[in-house]
Amino acid sequence: MTPVTRQEVLGLYRKIFRIAKKWQSASGQIEETIKEKEYIKNEAKTLFRKNKNVTDPKLIKQCIEECEARVEIGLHYNIPYPRPIHLPPMGLAHKQGRTLRHQEKLRKISKPIYLKSHDEVS
């Protein structure tokens, strides 16, 4: 990891913890605010530790982009949890064959960047 990339990653990590420190839940309830603050901290720790041994520059860049997207979406919607995606069910495809593989490929491609690591951790 280059020194510039390292500083960028550490800056994101600090930014997330600053956000968690100031976080207020949308409902304004103290219990919910505490729960959301803990979620933000635990999610950051889990994902950063999981990716600490990544050395591929493209993969590092993808992780940084995902982190920035999740931070921006969380701040914009005031929800710390990843926003769900709504893809059409796979009921139209046959249980096997090219149509199913093609539809699975389209679903994988259409998944937003901010949900890629969420499915791996949860």
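The values are calculated or read from the model by the stated rules, or taken from the named source; none is laboratory data. Because the structure is predicted, anything quoted here is derived from the model rather than measured. Counting neighbours? That spans all protein chains shown, and the Cβs are built from the backbone with ideal geometry, glycine included. For accessibility, only protein heavy atoms count, side chains too; no ligands or nucleic acids. Shrake-Rupley method; radii C 1.70, N 1.55, O 1.52, S 1.80 Å.
Number of residues in the range 12-28 that are over 15 Å from Ala69 (Cα atoms) and in a helix (DSSP H, G or I): the value is 6. The set of residues from the range 25-49 being of a type in the set (A, V, I, L, M, F, W, C), closer than 19 Å to Tyr77 by Cβ and without any contact (Cβ under 8 Å) to a residue 40 or more places away in the chain comprises just one member, Ala44. Set side by side, the residues Glu38, Glu68, Glu31 differ, and just one is in a helix (DSSP H, G or I) and either under 15 Å from the mean Cα position of the chain (by Cα) or among the aromatic types (Phe, Trp, Tyr) (or both), which is Glu68. Restricting attention to the range 24-36, the residues being open to solvent by 50 Å² or more (accessible area, probe 1.4 Å) and under 17 Å from Pro82 (Cβ atoms) number 2. Among the candidates Ile40, Ile60, the residue that is in contact with a Pro (Cβ under 9 Å, 6 or more places away or on another chain), within 17 Å of Gly11 (Cα to Cα) and at pLDDT 90 or above is uniquely Ile40. Scanning the range 66-89 for residues that are farther than 19 Å from Gln24 by Cα, modelled with pLDDT under 90 and not aliphatic (A, V, I, L, M) gives Glu66, Pro84, His86, Pro88, Pro89. What number of residues within the range 41-52 satisfy the criterion of being among the polar types (S, T, N, Q) and in a helix (DSSP H, G or I)? Residues meeting the conditions: 2.
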